[in-house]
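Asker: Take this structure, written in structure tokens, and hold onto it; I'll ask about it next.
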2 protein chains.
Amino acid sequence: MVTINDIAARLGVSKSTVSKGLNNATDISEEMRKKILETAVELGYTNKRLLNREKKLCIIIENMDYNTPNQFGHDILLGFKQMAEPDGWTVDVVPMDKDFQRNIPYSVFMMQNGYRGGFILGFSLIDPWMSEFKSCKIPTVLYDNYISTNPRVASVGCDSQDGFDQAVKHLVKLGHEKIGLISGPLESYIVKARYNAYINALSKFNLELNDNYIGLGYYISDSTRDNVQRMYELGVTAIICSHDIRAISAITECMDKGIRIPEDMSIIGFDDLPMTAYTEPPLTTVRQDRTALGKAGYYAMSCLQNELPICSILLRAPLVVRSSTGPARTA
Amino acid sequence: MVTINDIAARLGVSKSTVSKGLNNATDISEEMRKKILETAVELGYTNKRLLNREKKLCIIIENMDYNTPNQFGHDILLGFKQMAEPDGWTVDVVPMDKDFQRNIPYSVFMMQNGYRGGFILGFSLIDPWMSEFKSCKIPTVLYDNYISTNPRVASVGCDSQDGFDQAVKHLVKLGHEKIGLISGPLESYIVKARYNAYINALSKFNLELNDNYIGLGYYISDSTRDNVQRMYELGVTAIICSHDIRAISAITECMDKGIRIPEDMSIIGFDDLPMTAYTEPPLTTVRQDRTALGKAGYYAMSCLQNELPICSILLRAPLVVRSSTGPARTA
């Protein structure tokens, strides 16, 4: 059991200085306070006073809008709070950026604020705290990211395989045999997962795997411009897109080139963003149920709080069939 | 809302006959009772009286011993009950076989007994109820099995990828480059998952993928006899086995052939069966924490009871390092 004395001994300062640092007193330097907190984390000190005061969790959110009900993050936050608050937790929402992460380690930030767990939304592999998640001790749940091995960190998301299986099954029923993929580059966890799900789903249904039916690219409109017509000319009759936003771009591209949807080309997205019900034609897409994602995030947090070392909870990803898919065109 | 009248109308019998059937009265034929229950399930009738009477779940168990603390199923049951009973559930344990399944549909069995959810252990792909799980309406959690699409059915298990990543990482640190796999045939969900995890883990560490380093076979001792020495002669210095029981067989085979463990060959198992701590040498293996599996099973059940359509909860699978692994032999 690590005490204030251990921290004081390690830093060669008095016990009262350590106490001031841990309790945010104003009469010590910011530099010393930071050093004390970092040492406390390093030694595994538990600030009982802070922790006993309140049951507090935080949702740390980056690259994701959440203020109004039609924004992606909104319902995730809602779902999480709907489960957490009746269980007696206070949930803070903390908007995040990379500069903030560079200035303070995650564990220090969490301890300083008395948070017993964090739900992390919208981080990418280049976020500075991502490497800290590999070894952090505080229960942490990541949406659409995966950390290997650490029993205190779990992932939550929709099962990409479940989603692609349903999308491909739907297309096969409609007579499609050559099915393409338009996706971002394979640089994030979730894009890789969806890419693998596409490959696996095609294999399951014994469809042709062909590199020419795959278009990966960072810039959305460039990549649809480069790929949609090319695939069309190769005889591809349906394209699944890794995200709705790419599917919408593919619809625009088809319109520009006179490729009719769904008569000449079926298009499927992934996410079910609110706008996809209102595209022309309305988009068939794999649904991420955002409120359910928030709730699953809390279930994952609850497992970790109970020292149950789960690594993931994945949700079903049902297909929402609208008008952008139809029978395959005949050659 | 389906009523007793609807069932009576469908079958052309009186309301009181239906009532008798639903309440296990003895003065109607067994055949009629079964017909009534099956129709009730088909129409989606909810037997409120039964359901309100008790909060009952069942654990249905096949091909798995569970009566004494060192048997695989014992701690899974314990973990599930440890979570479920404080929440007010009664949990029945139901031993199962294929004949029983052939005689009564799963949904009928569950409704007849007033079970609001089932935790299914030890089923294989040929169990008759497996096909019913694809569409059943009752919350059902499967250990080490996966059902596509159905939002009422979830999977629980250890993350094979997490386990193989750690096993391969451990071997790479010890200087191993040619790593083999001995496994059962790719006929069950979990054996396929472990096979894929082996392939992925080798790729992650840029190790040679070679079909000659893989030995699949139904009969355990035949398959180790066919593969261990063969792999040894090909320069394989470590073998990961899909199950402890195959690893133990591989140890025996090495002993017979004068291949020293770990000097000539490192062996890793999967499961952490109690006996693996006492093999000679004690086995390095990937651990399935059985109590945690039971608890995760209850978390999954709890999600489904709350209509949160999860498809899986996976646990960490930590590596337990004992003496069957050591530095790679030099050529």
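The values are calculated or read from the model by the stated rules, or taken from the named source; none is laboratory data. Predicted model, so just to flag it, every value in this text is computed and none were measured. A quick note on method: Cβ atoms are made from the backbone with ideal geometry, for glycine too, and the neighbour counts reach across all protein chains shown. Note: accessible area is taken over every heavy atom of the protein model, side chains too, but ligands, DNA and RNA are not part of it. Shrake-Rupley method; radii C 1.70, N 1.55, O 1.52, S 1.80 Å.
Asker: For the range B:185-270, what does the accessible surface come to per residue with a 1.4 Å probe? Please give it in Å².
Answerer: 45
Asker: Most mobile of B:TYR278, B:TYR45, B:TYR213 per a Gaussian network model of chain B (Cα springs, under 10 Å)?
Answerer: Among B:TYR278, B:TYR45, B:TYR213, the largest GNM mean-square fluctuation belongs to B:TYR278.
Asker: Next up: Rounded to the nearest 0.05, what FRET efficiency do A:ARG260 and A:LEU174 give with R0 = 22 Å and r taken as the Cβ-Cβ distance? Could you check?
Answerer: Plugging the Cβ-Cβ distance into 1/(1 + (r/R0)^6) gives 0.90.
Asker: Measuring label to label, 7 Å along Cα→Cβ, what does B:VAL94 give against each other copy in nm, shortest first?
Answerer: Its label point is 4.7 nm from the equivalent points in the other copies.
Asker: If you take the square roots of the eigenvalues of the alpha-carbon gyration tensor of the protein assembly as shown and sort them as a ≥ b ≥ c, do you get rounded (a/c under 1.5), prolate (a/b over b/c) or oblate?
Answerer: Rounded is the answer for the protein assembly as shown, as its axis ratio a/c remains below 1.5.
Asker: Turning to a different aspect of this structure: Please find, in a Gaussian network model of chain A (springs between Cα atoms separated by less than 10 Å), the residue of A:MET32, A:MET111, A:MET265 whose mean-square fluctuation is greatest.
Answerer: A:MET32
Asker: Once both axes come from the Cα atoms, what is the angle between helix A:30-43 and the longest principal axis of chain A, in degrees from 0 to 90, rounded to 10?
Answerer: 80
Asker: Give the shape of chain B as rounded, prolate or oblate, defined through the alpha-carbon gyration tensor: a ≥ b ≥ c are the square roots of its eigenvalues, a/c under 1.5 means rounded, and otherwise the shape is prolate if a/b is larger than b/c and oblate if not.
Answerer: Prolate shape, in that a/c is at least 1.5 and a/b is the bigger ratio.
Asker: For the pairs A:LYS55/A:LYS81; A:LYS134/B:LYS173; A:LYS204/B:LYS178; B:LYS20/B:LYS134; A:LYS81/B:LYS56; A:LYS169/B:LYS192, note any where the Cα-Cα span goes beyond 23 Å.
Answerer: Among A:LYS55/A:LYS81; A:LYS134/B:LYS173; A:LYS204/B:LYS178; B:LYS20/B:LYS134; A:LYS81/B:LYS56; A:LYS169/B:LYS192, the Cα-Cα distance tops 23 Å for A:LYS204/B:LYS178; B:LYS20/B:LYS134; A:LYS81/B:LYS56.
Asker: Sticking with this structure for a sec: Carbon and sulfur together cover what percent of the accessible area of chain B at a 1.4 Å probe radius?
Answerer: Answer for chain B is 50 percent, counting heavy atoms of protein chains only.
Asker: Which chain B residue hugs the B-A rotation axis most tightly by its Cβ, and what is that distance in angstrom, to the nearest whole number?
Answerer: B:ILE313, 3
Asker: Next question, about the same structure. Roughly how big is the A-B contact, given as buried accessible area in Å² (both sides, 1.4 Å probe, nearest 100)?
Answerer: In total, this chain pair buries about 2200 Å².
Asker: Please compute the modelled spin-label separation between B:ASP27 and B:ARG10, points set 7 Å along Cα→Cβ, answer in nm with one decimal.
Answerer: 2.6
Asker: Could you give me the ³J(HN,Hα) list for the range B:180-187, computed from phi with Karplus coefficients 6.51, -1.76, 1.60 and θ = phi - 60°, whole Hz, x at Gly and Pro?
Answerer: Values per residue, Gly and Pro as x: x, 10, 10, 8, x, x, 7, 10 Hz.
Asker: Another question, then. Going by alpha carbons, how many degrees (0 to 90, nearest 10) lie between the helix axis of A:244-257 and the longest principal axis of chain A?
Answerer: The two axes meet at around 30 degrees.
Asker: Can I ask one more? Top mean-square fluctuation among B:VAL172, B:VAL13, B:VAL191, Gaussian network model of chain B, C-alpha springs under 10 Å?
Answerer: B:VAL13
Asker: Related question: Using modelled backbone amide H atoms (1.01 Å from N, in-plane), which distant-in-sequence or interchain residues come within less than 5 Å of A:ILE60's amide H?
Answerer: So A:ILE60 has HN proximity to A:VAL94, A:PHE119, A:ILE120, A:LEU121.
Asker: For B:VAL320, place a label point 7 Å out from Cα along the Cα→Cβ vector, do the same in each other copy, and report the separations in nm, one decimal, smallest first.
Answerer: For B:VAL320, the inter-copy label distances come out at 4.7 nm.
Asker: Something else: Looking only at the range B:299-331, which residues have a backbone nitrogen under 19 Å from a spot 7 Å from the Cα of B:GLU208 in the C-beta direction?
Answerer: In the range B:299-331, the label zone of B:GLU208 (backbone N under 19 Å from the point 7 Å along Cα→Cβ) covers B:327-331.
Asker: With every protein chain present, what is the per residue accessible area of the range A:1-113 (1.4 Å probe, Å²)?
Answerer: Averaged over the residues of the range A:1-113, the accessible area is 53 Å².
Asker: Using a label point 7 angstrom from Cα along Cα-to-C-beta, what distances in nm, from shortest up, separate A:SER148 from the other copies?
Answerer: Inter-copy label distances (nm, one decimal, shortest first): 2.9.
Asker: Sort the range B:53-105 into rounded, prolate or oblate with this rule: let a ≥ b ≥ c be the square roots of the eigenvalues of the Cα gyration tensor; rounded if a/c is under 1.5, and if a/c is not under 1.5, prolate when a/b is larger than b/c, oblate otherwise.
Answerer: Oblate, because a/c is 1.5 or more while a/b does not exceed b/c.
Asker: Taking the 0 to 90 degree range and rounding to the nearest ten, how far is the long axis of helix A:290-305 tilted relative to the main principal axis of chain A, both from C-alpha atoms?
Answerer: Long axis of A:290-305 versus the principal axis of chain A: about 40 degrees.
Asker: How large is the direction-averaged shadow of the alpha-carbon convex hull of the range A:25-133, in nm²?
Answerer: 7.9
Asker: Can you tell me the convex hull volume per residue for the range B:194-254, based on C-alpha atoms, in Å³ to the nearest whole number?
Answerer: 82
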